[in-house]
Amino acid sequence: MKKKTKQTSWEMFMDGKLDLKTAFWGYGFFGSIVIGIVCGILTVTISNIFNIVYVISIVVLIVGLWQCASNYKKEKLQKKQSELWGILTQAYCIFVALGLANFVKDLI
């Protein structure tokens, strides 16, 4: 018999099962700030390889946040409630992805 283990916050985030508020503020907003600061410092002090770490990390955050927003929208649709925050979060993901694409363009 397989023992059911509780998912961590990170696993729930990556599966799109974390509540949207925690996903957005915890990972999307503050997580990206921490990643940006740490990778920025490491890029300047150690190696430009941390620019790649930054890009990959932000892509992972965008994917997780998008999945949480999609799940949020699905839940709200079933309850016949407003999906606005899910839609706005996905718009945020698009803007972050465009900014990241510009960052990558400048690196090349």
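The values are calculated or read from the model by the stated rules, or taken from the named source; none is laboratory data. Values in this document were obtained by computation on a predicted structure and should not be read as measured data. Note that we place each Cβ from the backbone using ideal geometry, even for glycine, and neighbour counts take in every protein chain shown. Calculation scope for accessible area: heavy atoms of the full protein, side chains included, ligands and nucleic acids excluded. Shrake-Rupley method; radii C 1.70, N 1.55, O 1.52, S 1.80 Å.
A few comments on the model shown:
Condition check ((1) open to solvent by 60 Å² or more (accessible area, probe 1.4 Å); (2) within 27 Å of K17 (Cα to Cα); (3) in a helix (DSSP H, G or I)) across all residues:
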| residue | (1), (2), (3) |
| --- | --- |
| I52 | yes, no, yes |
| V55 | no, yes, yes |
| V59 | yes, yes, yes |
| W66 | yes, yes, yes |
| Y72 | no, yes, yes |
| K80 | yes, yes, no |
| A91 | no, yes, yes |
| F103 | yes, no, yes |
| D106 | yes, no, yes |
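- Against the numbered list (1) open to solvent by 60 Å² or more (accessible area, probe 1.4 Å); (2) under 30 Å from D106 (Cβ atoms), D15 comes up short only at (2).
- Look at (1) within 19 Å of the chain's Cα centre (by Cα); (2) surrounded by 12 or more Cβ atoms within 10 Å (Cβ to Cβ) and you find that I37 fails only one, number (2).
- Filter result for N102 (touching a residue at least 40 places away in the same chain (Cβ under 8 Å) and not small (G, A, S)): no
- Test for S32: is it small (G, A, S) and part of a helix (DSSP H, G or I): yes
- Residue in region 3-20 that is more than 21 Å from A101 (Cα to Cα) and small (G, A, S) present: yes
- T22 vs. criteria open to solvent by less than 50 Å² (accessible area, probe 1.4 Å) and part of a helix (DSSP H, G or I): no
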